[in-house]
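Structure, as structure tokens:
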Amino acid sequence: MRLNRMKDLTSLSMLAALLLSCAGLPTQAQEGPKSSPKMSSPGKWRPRDGIYATPGPNFDARCGEYGDMRIDWSDNFTSGGEEGCKITKLSDTAPGSIRPDVVCESADREGHPYKEIILMKKIDEKTIFTRETQDGKFKRSGGSMAYCPDNAQRMYSDSKKKG
């Protein structure tokens, strides 16, 4: 009887030692459900919600026409021109850089959604660099987009509420 207790105690001790030694080891990453981009972790950079336009002489006029690009994290949506894209996955690629994977629809491809990738990098507090794929390939060089002034943001926000 005493021998069985010793075996049990030894087995439990070995199991405890094994579990404690594994506690600090990294576990293999497993892909779980894709998190929503709007559920970003604190400290992760995200461009501000709103409208952006290409910096330059026509910047204010472009902002007055709702900009060249719109970002809406609450709806996981971004758009530019005639193209509207639902953000399906968001990856942090480096500090100040993200990669939204999107499914887009546009007027010229009516009824045929297509997948693209957008790269966004922080230049400063109001400016981002964007580059996106076209037909799945990075064919264009991309460019900077500046956050439009508050009056243009309000005008856009009011139009969204009405529409």
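The values are calculated or read from the model by the stated rules, or taken from the named source; none is laboratory data. These numbers were taken from a predicted model, which means no experiment stands behind them. When we count neighbours, we look across all protein chains shown, and the Cβ atoms used for this are built from the backbone with ideal geometry, even at glycine. The accessibility values were calculated without ligands, DNA or RNA, using every heavy atom of the protein model including side chains. Shrake-Rupley method; radii C 1.70, N 1.55, O 1.52, S 1.80 Å.
Within region 88-116, residues that are in contact (Cβ under 8 Å) with a residue 24 or more places away in the chain and on the phi > 0 side of the Ramachandran plot have Cβ atoms under 7 Å from residues that are open to solvent by 50 Å² or more (accessible area, probe 1.4 Å) and basic (Lys, Arg) in these pairs: GLY96/LYS121; GLY96/LYS122, counting only partners at least 6 apart in sequence or on another chain.
For region 80-107, a residue qualifies if it is basic (Lys, Arg), out of contact with any Asp or Glu (no Cβ under 6 Å at 6 or more places or on another chain) and over 14 Å from ARG131 (Cβ atoms), and exactly one does: LYS86.
Among residues belonging to region 137-152 that are open to solvent by less than 90 Å² (accessible area, probe 1.4 Å) and more than 21 Å from the chain's Cα centre (by Cα), point out the one that is farthest from LYS121 (Cα to Cα). Among them, the one singled out is ALA152. Going through region 109-136 one residue at a time, which ones are at pLDDT 90 or above and either open to solvent by 90 Å² or more (accessible area, probe 1.4 Å) or aromatic (Phe, Trp, Tyr) (or both)? Selection gives HIS112, TYR114, LYS115, LYS121, ILE123, GLU125, LYS126, PHE129. Return yes when THR88 is open to solvent by 40 Å² or more (accessible area, probe 1.4 Å) and at pLDDT 95 or above and no when it is not. So THR88 passes the test.
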